[in-house]
Amino acid sequence: MLISSGGLHLRKHHRAAAVAIAVSATGLIPVAAHAASSTTIYVDGSNSACFDGGTGTAAQPFCTLQPAVDAVVPGDTVIVNGSGYLPVTITKSGTAAQPITIEGAAGSNAMVSDSSPPSGVPAFAFNGASYVTVTNISTENVSQYATFTASSHIVLDSFRAAPTFGQSAPSGFNKPGVEISGDSADITVSRGEFFDIGRTAPSLQIDAGSTGDVVSTNFLQGGDPSIVVNGASGTVITGNTAVASSGTHCGSGILLTGASTGSTIENNVIEPATSCTAAGTPASTGLLDVASTATSGTTVDYNVLGPGNKSNEYAWGGSDYQTAATFNAATGQGGHDITADPQLQINGMDYYIMSQSPVINSANSDAPGELPTDVSGSSRINDPLVADTGAGTYDYYDRGAAQLQAPGNTDLLVDGSGALGVTATATEWSSTGYTFDFGDGTGTVPGTYGVAQHTYKTQGTYTLTVTGTDSGTGKPFSDSTKYFTPTSATMWHDVRNANGSWQAGGWSIPGGSTGFQHTALTAMPDGSTQFVGVTSSGQLEHNIRFANGSWQGWRALNQPGVVVTSADIAGMRDGSAQIVEDTNTGALLHNIRYASGAWQPQGWAAISNGNNGTVVIAAVTAMPDGSTQFIGVDVDDLLEHNIRHANGSWQGWNIVHQRADFSIYGADIVGMPDGSAQIVEETAGGVLHDIRYANGSWQSQGWQSVSAPSGSTETTITAMPDGSSQFVDITSSGKIYHDVRFANGSWQHQGWAALGQPGNLLVSAADIAGFPNGSSQLIAMTKN
């Protein structure tokens with residue numbers, strides 16, 4: 001079981017009311033103010049007074065969008081509220097001085113949709129139109145979102161599109177989501193969100209003959225490829241994020257074919273699929289692919305390409321390159337490109353930048369088409385915890401569609417699991433300026449980057465406080481939390497039989513099981529149980545309960561000078577046990593106890609502790625193939641996953657994509673009989689559950705909420721031989737509960753069952769292990 005030290009959450013801000021913009025290859029061009037004679041026309045089909053034969057006043061708006069669009073003249077603005085206005089054809093034109101604007105009402109979800117859309121009809125069809133801006137509109141339940149024919153100087157901004165929100169695309173989804181024909185020019189698609197999982201055509205396609213188009217600051221998920229320029233010259237592709245969909249999207253993220261010369265590709269982020277199953281897709285296809293007919297005058301720089309299933313990141317002029325470095329050496333292009341995981345957090349239709357992402361503060365703000373606001377309409381602000389490595393007037397713009405935003409509130413968390421030595425972590429945008437008070441009268445201490453360590457001299461309950469000034473906003477911040485070092489902690493033990501009954505006599509205290517701050521247990525193939533316990537002084541001890549119910553007794557493990565803060569243990573199929581422990585220095589140590597009782601010759605071995613070097617506590621589980629899987633919560637509040645293969649090699653830590661709007665307080669992992677692993681985590685928003693299948697993929701629905709007892713503070717999990725899993729939960733009131741998730745995914749009918757309190761005492765922590773005979777064993781720590 002994990003108790004993490006918390007960290008930084010970056011979440012996508014809700015879009016503010018959008019403003020009409022126009023973009024050129026050199027940047028922003030303000031749209032001229034409407035003349036005094038311009039008219040505002042209203043559309044609201046939900047208004048009982050609406051009338052399509054009127055003039056579209058606020059008191060009597062149009063019922064549908066098409067009559068309003070037909071009524072506009074240069075300088076007019078159409079305000080859209082409500083939904084159900086599919087399809088719309090725009091043939092009118094404004095002027096450079098008096099454009100026509102169609103925008104969603106502030107605070108509304110203006111939706112162009114239809115329950116039974118005409119086949120092959122786009123939501124918006126621009127035919128012979130010019131100087132029109134469509135902004136802050138959503139569309140769904142259509143195969144195409146927008147088409148442009150014989151049109152020019154059109155801006156499609158803040159446009160959110162999906163076939164049906166929250167669902168995959170229907171079959172036959174084989175047309176481009178947005179298509180700009182060759183007889184159109186100077187079209188801008190900016191700050192859009194295109195959710196195209198299942199689309200077998202590009203999300204955005206520009207046809208041969210078009211010129212001067214701008215694709216800026218869009219988020220595209222799915223589409224194959226995401227963006228295609230097929231013979232259009234002078235195209236600007238800047239600041240977009242293209243995320244592939246595993247198993248379907250195996251082509252390029254950005255593809256230039258034909259005479260797409262003189263194009264610019266800067267500040268983009270391309271994250272590839274983790275697996276590629278589409279038949280006929282060449283493995284050498286580049287994530288960024290520029291044909292030999294398109295290289296003349298084309299510039300590539302400041303992009304991030306994530307490594308994935310591709311053998312090559314780049315295809316340029318018919319040659320393939322595996323990294324940004326080799327691409328630059330051969331072509332002179334991509335001098336500031338990065339080949340690395342962009343560390344995006346994707347959860348359905350929400351996406352986030354994680355705090356260690358290479359996209360942060362690294363874009364060229366003067367790139368053609370770069371916008372001063374991100375896909376959400378949020379301002380470009382400087383993350384003070386990351387060095388400014390970008391270029392241009394502002395060297396702190398982020399690459400891709402989203403700009404990292406400051407955390408909304410301070411969060412102070414403490415890692416120590418009841419020990420005297422603790423690590424306190426605060427989340428704020430301040431590289432300096434933290435002041436920690438540990439509440440024991442020793443005075444305040446500074447904490448660089450929001451982390452400070454302290455050792456209490458006596459046990460007790462302390463109030464920790466952090467204060468300072470945020471260097472990003474200039475505003476003061478403060479947060480407090482309590483930390484409890486128990487004067488005495490006792491481990492209790494109980495057995496749940498395979499039939500659901502409990503052992504006679506209930507909870508009991510194994511000999512010598514007092515004075516611990518942390519314990520864990522695991523089942524062994526021979527029916528015995530092995531335990532590890534961390535004493536209040538940081539000593540790790542080991543115990544065995546044999547299959548006949550007798551005990552070995554606690555034995556201290558020799559680790560001179562090492563202060564352990566927590567540990568976990570996993571019983572392997574060969575009768576060995578693997579132990580991982582966290583120490584007060586932040587080091588993670590690993591050891592193996594063989595079936596013979598001997599320990600691995602090299603003793604405790606240090607292992608990598610996460611992408612940021614800051615996994616504070618790790619949990620371990622045994623897998624049927626002889627490997628072990630680990631999870632850890634790092635100080636950035638990110639869940640990380642690792643594998644130790646059966647041959648002793650390591651996979652390395654990978655950040656698990658998950659909900660980024662909840663702080664993670666703890667997590668546990670268990671290996672199932674079918675080779676999958678189940679993970680449960682305790683968050684500020686409740687208990688979440690996920691499954692990692694044997695092939696390495698994750699359940700399609702992602703993290704699912706578990707209806708845990710009110711006030712849940714810790715949840716732990718174990719696997720049973722029939723494919724079910726059992727859970728134990730501890731609440732803030734010290735109560736202990738038990739639940740079962742069956743192999744088919746359902747939960748036991750009565751839900752969480754309250755267990756008798758060990759010795760009628762409050763419980764502070766617990767663990768559970770499932771055995772081959774279908775029984776399970778529990779331990780609980782009580783606050784004496």
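The values are calculated or read from the model by the stated rules, or taken from the named source; none is laboratory data. Everything numeric in this text was worked out from a predicted model, so none of it was measured. With ideal geometry, Cβ positions are generated from the backbone for all residues, glycine too; neighbour counts draw on all protein chains shown. Note: areas computed on protein heavy atoms with side chains; ligands, DNA, RNA excluded. Shrake-Rupley method; radii C 1.70, N 1.55, O 1.52, S 1.80 Å.
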How much solvent-accessible surface does D625 expose, in Å² to the nearest 10, with a 1.4 Å probe and all protein chains in place?
110
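Let me check something: with ligands and nucleic acids excluded, how do K92, K475 order by accessible area (1.4 Å probe), largest to smallest?
The most accessible residue leads, giving K475, K92.
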Could you order S478, S190 so the one with the most accessible surface comes first? Probe is 1.4 Å.
S478, S190
What is the local net charge at S260, summed over the other residues whose Cβ is closer than 12 Å to its Cβ (Lys, Arg +1; Asp, Glu -1)?
-3
If I take R0 = 56 Å and measure r between the Cβ atoms of T461 and Q322 in this structure, what FRET efficiency does the formula 1/(1 + (r/R0)^6) give, to the nearest 0.05?
0.50
To the nearest 10 Å², what's Y394's accessible area with a 1.4 Å probe?
100
Figure the gain on full extension for N499 and A259 (residue separation times 0.36 nm, minus the Cα-Cα span) and round it to one decimal in nm.
79.2 nm
Just to confirm a number: summing +1 for Lys and Arg and -1 for Asp and Glu over residues other than G575 whose beta-carbon lies under 10 angstrom from that of G575, what do you get?
0
Put H518, H336 in order of accessible area, largest first, 1.4 Å probe: what do you get?
H336, H518
Is the shape of region 340-389 best called rounded, prolate or oblate, per the rule: a/c under 1.5 gives rounded, else a/b larger than b/c gives prolate, else oblate, with a ≥ b ≥ c the square roots of the Cα gyration tensor eigenvalues?
oblate
At q = 0.16, 0.18, 0.26, 0.27 Å⁻¹, base-10 log of I(q)/I(0) for region 460-520 (Debye sum, equal scatterers on each alpha carbon)
-0.72, -0.80, -1.04, -1.07
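Inverting the mean 1/r over all pairs of different Cα atoms, compute the Kirkwood radius of region 284-416 and quote it in Å.
16.3
Sorting check: for 68-79, 742-753, which peptide has the highest mean count of neighbouring beta carbons within 10 Å, and how do the rest follow?
Highest to lowest by the protection proxy: 68-79, 742-753.
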Among region 517-546, those whose backbone N falls under 16 Å of a label point 7 Å along Cα→Cβ from A587 are 538-540
Considering amide H positions built from the backbone, and no H for Pro or chain starts, which residues 5 or more places from H518, or on another chain, come under 5 Å of its amide H?
V534
Protection proxy (average C-beta count within 10 Å per residue), highest first, orders 319-325, 696-702 as 319-325, 696-702
I need the peptides 729-735, 502-508 ranked by packing, meaning the mean over residues of other C-beta atoms within 10 angstrom, with the highest value on top.
729-735, 502-508
When the Karplus curve 6.51 cos²θ - 1.76 cosθ + 1.60 is applied with θ = phi - 60°, which whole-Hz ³J(HN,Hα) does each residue of region 382-396 get, with x for Gly and Pro?
8, 6, x, 8, 10, 4, 7, 10, x, 9, x, 4, 10, 8, 10
What figure, in Å² to the nearest 10, do you get for the accessible area of Y352 with a 1.4 Å probe and non-protein molecules left out?
20
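Please report the net charge: other residues with Cβ closer than 15 Å to the Cβ of A694, K and R +1, D and E -1.
Numbers: positive: R692; negative: D625, D674, D690.
Combined, the nearby Lys, Arg, Asp and Glu give -2.
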